[in-house]
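K.L.:
Quick one: the structure is below, questions incoming.
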Amino acid sequence: MSFTRACATDDVPVDEGLAVTVGEYEIVVARCGDDFYALQNLCSHAAVELSEGEVSGCAIECWLHGSTFDLRTGKPTTFPATEPVATFAVEVRDAAVYVDTTTTLNGVTPT
Ligand code: FES
């Protein structure tokens, strides 16, 4: 695993994601309670940025057609999206969020 600093924990809003570039990927970092998650910042339905949507509980909502994605798994929980979004390992230390983009947690290949 190879973790790269993505942002400070304080940079991540409570109710929306934070878009950051880590390695070659656009990532959205979001929080669910005290935990942080990192997904590819790309809706699996029509390839818009998920970071533009709201975060509620452990889900982020796509602003365009309203699909919600579980931050923990990347899986859509509402239509129209049916395919998961790539999720990345996260480490929190020294008040910062680190993300490993060398592999995905859910086996989805980032695009
Ligand atoms: S583009 Fe995200 S749900 Fe359609």
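K.L.:
Starting from the alpha-carbon convex hull of the chain, give the projected area averaged over all orientations, in nm².
P.N.:
Answer in nm², one decimal: 5.8.
K.L.:
Using the count of nearby Cβ atoms within 10 Å as a rough guide to exposure, how do Thr109, Thr68 rank from fewest to most?
P.N.:
Taking fewest neighbouring Cβ atoms as first place, the list is Thr109, Thr68.
K.L.:
Something else about it: What's the magnitude of the charge dipole for region 1-80 around its Cα centre, counting Lys and Arg as +1 and Asp and Glu as -1 at the beta-carbon? Answer in Debye, nearest 20.
P.N.:
The calculated dipole for region 1-80 is roughly 280 debye.
K.L.:
Sorting Val90, Val14 on the 10 Å Cβ count, fewest up front, what's the list? Walk me through the numbers before you get to the answer.
P.N.:
Details: Val90 18, Val14 10.
Listed from fewest to most nearby Cβ atoms, that is Val14, Val90.
K.L.:
If each of Val92 and Asn106 carries a label point 7 Å out from its Cα toward its Cβ, how far apart are those two points in nm?
P.N.:
2.0
K.L.:
While we're looking at this one, here's another question. Please give the FRET efficiency for Asp34 paired with Trp63, using the beta carbon to beta carbon distance and R0 = 25 Å, rounded to the nearest 0.05.
P.N.:
So, using R0 = 25 Å, E works out to roughly 0.45.
K.L.:
Turning to a different aspect of this structure: As an exercise, identify the trypsin sites (Lys or Arg not before Pro) in region 1-93 lying in DSSP coil whose Cβ has no more than 16 other Cβ atoms within 10 Å.
P.N.:
Working: sites: Arg5, Arg31, Arg72, Arg93; in loops: Arg72.
Here the sparse-neighbourhood loop sites are Arg72.
None of the figures in this text is laboratory data; all of them are computed from the coordinates on show. Remember, predicted model here, so these are calculated numbers, not experimental data. All Cβ positions, glycine included, derive from the backbone under ideal geometry; neighbour counts span all protein chains shown.
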